[in-house]
Amino acid sequence: MDLIIILQAGVASGTVLLFATIGEIFAERSGVMNLGVEGMMLLGAMSAFSVAVSTGNPWLGLLVAMLAAGLLSQIHAFITITLQADQVVSGLALTFLGTGISLVLGEGLSKAGAISLLPNFSIPLLTKIPLIGPIFFTNQSIMVYIGYLFVPLSWYYINRTRPGMHLRAVGEHPAAADTLGINVYGTRYFYVFVGGVLAGLAGATISLAISPGWFSELTTAGQGWIAVGLVIFAQWDPVRAMFGSYAFGALRRLILDIQGPLTLFGFSNPFYYNPYWGFFLQMLPYAFTIIVLVIGSREAVRKRLGAPAALGLPYIRGERGL
Amino acid sequence: MTDAITPHTARRGFPYRIRFEKRLKEPPRWYPVLVSLGAVLVALLFGGILIAWAGGDPIASYKHIGRASFGNLGVFSDTIVKATPLIFVGLACSVAFRMRLWNIGAEGQFFLGAFGASAVVLIPLLPPETSPWIFIPTMMLAGIAAGALWGFIPGFLKARYNVNEVISTLMLNYIAVAWNNFFIFAVWSEGGFQMSPMFPKTAWLPRLADYAKQYPIFRGLTSHLGFIIAIITAVIVWFVLYRSRWGYEIRLIGDNPEAARYAGINIARNTILVMMFSGGLAGLAGMSEITGVVHRLQGAISPGYGFTGIIIAWLAKLNPFAVIPVSILFGALILAGREIQPSGIPKMIQGIILVCLIASDFLIRYRIRIDRQVEEA
């Protein structure tokens, strides 16, 4: 059990959560909560792997995954934005739908042999930095590096650009945004699509890079839901989302590794001698998600932060209210 | 001349104008039923297209579902067996959803209910020779208590810390599965197998087949007492929701939380109680499945019953009596779906049905008016 390896692998597996969480941040910043992340991720993972198997090209798989999940997200967009249905139920339905379609179309895919994956590489010079180098810049997947760039870019986009300001306006006060000539419906459709594309990217990151293959529902194993929880912990901020994602990634890896060694800190390792205690370790990411939600909501009260004001509410032009 | 500024020219070539109008009065009672049926038919159509795309034969699949679940008394009895847990979880979701509490954790509460009922036999709290008249009620109470505890956690977190119950209940599902697995693998494992020892016969819910001696027609029928308990539970839930003071509070909070607060209703307390009520109902589903079907604690006791319960509640429009027939239909889908290839089809069809149902709600809230544009001379 090597701490560097755990953190290195944690950053890699946290990248999956990172894409999904930031995608959901975009959607929720526009006022639409999409609980379908898990379904969109599964569809992304399945279609990425499937296309990579049949064409031999993982990049094509990545592209198809993003498009497929983006298209799926538009069902949610149509139901909640145009038909003004409840976002919670529609998001759940989207998860069922995405899971079901992925299981049907992914039938037999788990038996597919080795395929060419997205490349891993080290960044010269940066690997030499003590501690940081081995964790962040050595033998990581290209998706991990894309993740590094993605966080500051999305923070800058949301907080410092004109379209980012429109995005926040639509999520905070759609009626005011509408009077300023911002297309509320179009903006929401677009960012739900962005959220879907990023969830698809997250799914493809699993099946083509981090833990390659298709293992039906176990491919994501609830990470889409953890991402939805992380959005609240992150207070809708991509930078905080990054810390949360990497921490959860490291936790996942720690759970795997802690059962290996004979001794832990000089004591005999209880998880080695009682392998069934591993079931309690398996609970940890889910239990931590709940704890993180408690922390997030307490902090929101204390610092008067909080969700975008119009989150979850349909916008009906000409009606009173937000 | 004036033609250029009339709004009609904007849509030249399309002689109709489609408008959505909010319904001002409630539509007739049959209308929502018709819309839901229509939504299910549309869903089956979409499902068929997807099945064909995945390389299956949609018509053969649907025919198979019908035959393998309603074809004769034997398979119909199996359908009822599958419908029994679905009624409980459908009721569980209906109760919570009525207060607009999104309990997505029926699956985990189901597992905990199975665990609680098993604990009575396996700890053991009662010796195996106990009379069924004591055994079965004790197991029911244990199942309800364990499920209610699993509902209490998200209810408390929601009431106290405003934690989103969708995510907390979902996370508790995963925890419940791992919790049960620990006991199946480590504590109650029988000879290293991933299952507990068989329960004593006194802890089995009676089946129709048990009475085959008196009534030969019951030979081989696996429907068990759980179905009767489920129907009685549906009546109780209806009574609580629509004929009791508490039910009135639940419905008022669901319809208008602001008004409920002004009326002095304690929303935090009701959040916890309703989650426990809902969790207890789902726990009863786990108990019924364990004591009526598998007779031991093991993994894979649920093909996602808890999630199907969400769809059932929605299709039944949260009406406890409507939950029963809807559960039978979904029981058929799950029963027959086990043999259909590809194996994900029942899940996919359930997903499509829910999507279509939610979309169809629009037709209940709005009217579509299509006016013919009058060309101006």
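Structural remarks
- Where only DSSP H runs of four or more residues are counted, chain B gives -21000 deg cm²/dmol as its mean residue ellipticity at 222 nm, each run worth -39500 (n - 2.57).
- For residue A:264, nonlocal amide neighbours, meaning residues 5 or more places apart or on other chains whose placed amide H falls under 5 Å from its own, are A:269.
- Nearest 10 degrees, 0 to 90: helix A:58-77 Cα axis against chain A principal axis: 40 degrees
- For B:172-180, mean number of other protein chain Cβ atoms within 10 Å: 5
- In percent, rounded to a whole number, the relative contact order of the stretch A:1-97 is 30, using alpha-carbon pairs under 8 Å and six or more apart.
- Helix-only arithmetic for chain A: the sum of -39500 (n - 2.57) across DSSP H runs with n ≥ 4, divided by the residue total, places the mean residue ellipticity at 222 nm at -21500 deg cm²/dmol.
- Within a straight-line Cα-Cα reach of under 14 Å, residue B:201 can be paired with the following aspartates and glutamates, leaving aside sequence neighbours fewer than 8 residues apart in one chain: B:129, B:210.
- A crude spin-label estimate for the pair residue B:72 and residue B:125, with each label 7 Å from Cα along the Cβ direction, gives 4.2 nm.
- Ranked from largest, the principal axis spans of the Cα set of the protein assembly as shown equal 89, 80, 57 Å.
- Cross-link pairs exceeding 30 Å in C-alpha to C-alpha distance, out of A:303/B:317; A:303/B:158; B:22/B:317; A:303/B:22; B:213/B:347, comprise A:303/B:317; A:303/B:22; B:213/B:347.
- Label-to-label distance, nm, for residues given as residue A:60 and residue A:262 (7 Å Cα→Cβ offset): 5.1 nm
- Span-like helix check, chain B: qualifying full DSSP H segments, with Cα axial length of 27 Å or more and mean Kyte-Doolittle of 0.0 or more, are B:30-53, B:73-98, B:132-161, B:267-289, B:345-365.
- In the stretch B:338-357, the residues whose accessible area drops by at least 50 square angstrom when the other protein chains are added to the isolated chain are B:347, B:348, B:355; the probe is 1.4 Å and only protein heavy atoms count.
- A viscosity of 1.306 mPa s and a temperature of 10 °C, combined with the Kirkwood radius over Cα pairs in Stokes-Einstein, give a translational diffusion coefficient for the stretch A:53-167 of 88 µm²/s.
- With every protein chain in place, the protein assembly as shown: carbon and sulfur % of accessible area (1.4 Å): 67 percent
- Available extension along the chain between residue B:242 and residue B:339 is 30.9 nm, counting 0.36 nm per residue and deducting the alpha carbon span.
- Sorting the segments A:218-231, B:136-149, B:39-52, B:255-268 by their mean number of nearby beta carbons within 10 angstrom, highest to lowest, gives A:218-231, B:136-149, B:39-52, B:255-268.
- Average beta carbon contacts from partner chains per residue of A:270-277, 10 Å cutoff: 2
- Rounded FRET efficiency, nearest 0.05, which uses the C-beta distance separating residue B:362 from residue A:300 and R0 of 22 Å: 0.10
- For peptide B:152-164, the mean count of partner chain Cβ atoms within 10 Å of a residue's Cβ comes to 4.
- Gain on full extension, evaluated as 0.36 nm per residue between residue B:189 and residue B:259 minus their Cα-Cα distance, stands at 20.0 nm.
- Relative contact order (%) - criterion: Cα under 8 Å, at least six apart; region: the stretch A:220-322: 33 percent
- For chain B, the relative contact order is 36 percent, taking Cα pairs closer than 8 Å that sit 6 or more residues apart in sequence and dividing their mean separation by the residue count.
- Accessible area expressed per residue, the stretch A:17-77, with surrounding protein chains retained (probe 1.4 Å, Å²): 22 Å²
- Residue by residue, the stretch A:28-45 carries 3J(HN,Hα) couplings of 6, 4, 8, x, 10, 8, 10, 7, x, 3, 4, x, 5, 5, 4, 4, x, 4 Hz when phi is fed to the Karplus relation 6.51 cos²θ - 1.76 cosθ + 1.60 (θ = phi - 60°); x denotes Gly or Pro.
- Accessible area buried, both sides summed, chains A and B with 1.4 Å probe, Å²: 4000 Å²
- FRET efficiency for the pair residue A:149 and residue A:111, taken as 1/(1 + (r/R0)^6) with r the Cβ-Cβ distance and R0 = 41 Å, rounds to 0.70.
The values are calculated or read from the model by the stated rules, or taken from the named source; none is laboratory data. Bear in mind that the values here come from a model prediction, so they are computed numbers and not experimental data. Reconstructed Cβ throughout: ideal geometry from the backbone, glycine too, with neighbour counts over all protein chains shown. Surface accessibility is based on the protein's heavy atoms, side chains included, excluding ligands, DNA and RNA. Shrake-Rupley method; radii C 1.70, N 1.55, O 1.52, S 1.80 Å.
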